[in-house]
Amino acid sequence: MKLHDTLSGLALLILALIIAINSAGFPEIPGQQIGPAVFPRALAALLALCAVLLIFRARLPAPGQAWVQLGAWLQSPVHRRNFVITLACLVFYIVASELLGFLLCSVLILCVMFHALSVKPSHIVPIALGVTLLIHTLFYKGLRVPLPWGVLSPIQW
């Protein structure tokens with residue numbers, strides 16, 4: 001799928017405005033000249049500048065040319081199925097991660113995706129377990145990101 005640069009620029013400009021509006025509510029730190037809102041606002045300003053430049057540099061599509069061109073992958077049933085599976089897995093994680101926890105959700109999602117991608121059945125579960133444990137260790141221990149434990153909360157390590 002290909003979007004015209006004008007549409008991409010408008011989307012980036014809207015994103016910059018959302019960032020600027022949300023960062024306006026950040027509290028000031030007493031005694032500090034630079035508060036927590038400075039860097040998000042600076043990034044929003046740079047993003048808005050890039051968006052405006054993209055919009056002005058883009059030429060309007062020629063008459064008869066589409067603003068959005070769908071990719072050839074949309075004609076493939078396998079690609080459409082994999083796209084839907086990916087979206088379903090994301091929604092599943094959002095809905096179920098607090099209840100089931102990261103570890104269980106991740107293993108289930110990876111098993112479904114590996115099966116959809118025709119990974120050898122005997123490799124699916126071991127790879128899903130290994131990748132899940134690696135990601136969990138990197139984020140939970142290394143980066144100190146609090147991942148949800150869900151039903152496994154009694155055995156946190």
### Query
Do we find that SER118 is assigned by TED's automatic domain parsing to the domain that holds ASN82 and in a loop (DSSP other than H, G, I, E, B) in this structure?
yes
#### Entry: Selected residue (only one of GLU98, GLU28 is at pLDDT 90 or above, of a type outside the set (A, V, I, L, M, F, W, C) and loosely packed, with under 14 Cβ neighbours inside 10 Å)
GLU98
### Query
Looking only at segment 60-80, which residues are outside any loop (DSSP other than H, G, I, E, B) and touching a residue at least 40 places away in the same chain (Cβ under 8 Å)?
VAL68, GLN69, LEU74
### Query
Got a sec? Which of PHE83, PHE92, PHE39, PHE56 is part of a helix (DSSP H, G or I), among the aromatic types (Phe, Trp, Tyr) and surrounded by 15 or more Cβ atoms within 10 Å (Cβ to Cβ)?
PHE92
### Query
Which of the residues belonging to segment 102-156 are among the basic types (Lys, Arg) and at negative phi?
LYS120, LYS141
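The values are calculated or read from the model by the stated rules, or taken from the named source; none is laboratory data. These figures come from a predicted structure and were not determined experimentally. FYI the Cβ positions are ideal-geometry reconstructions off the backbone, even for glycines, and counts take in every protein chain you see.
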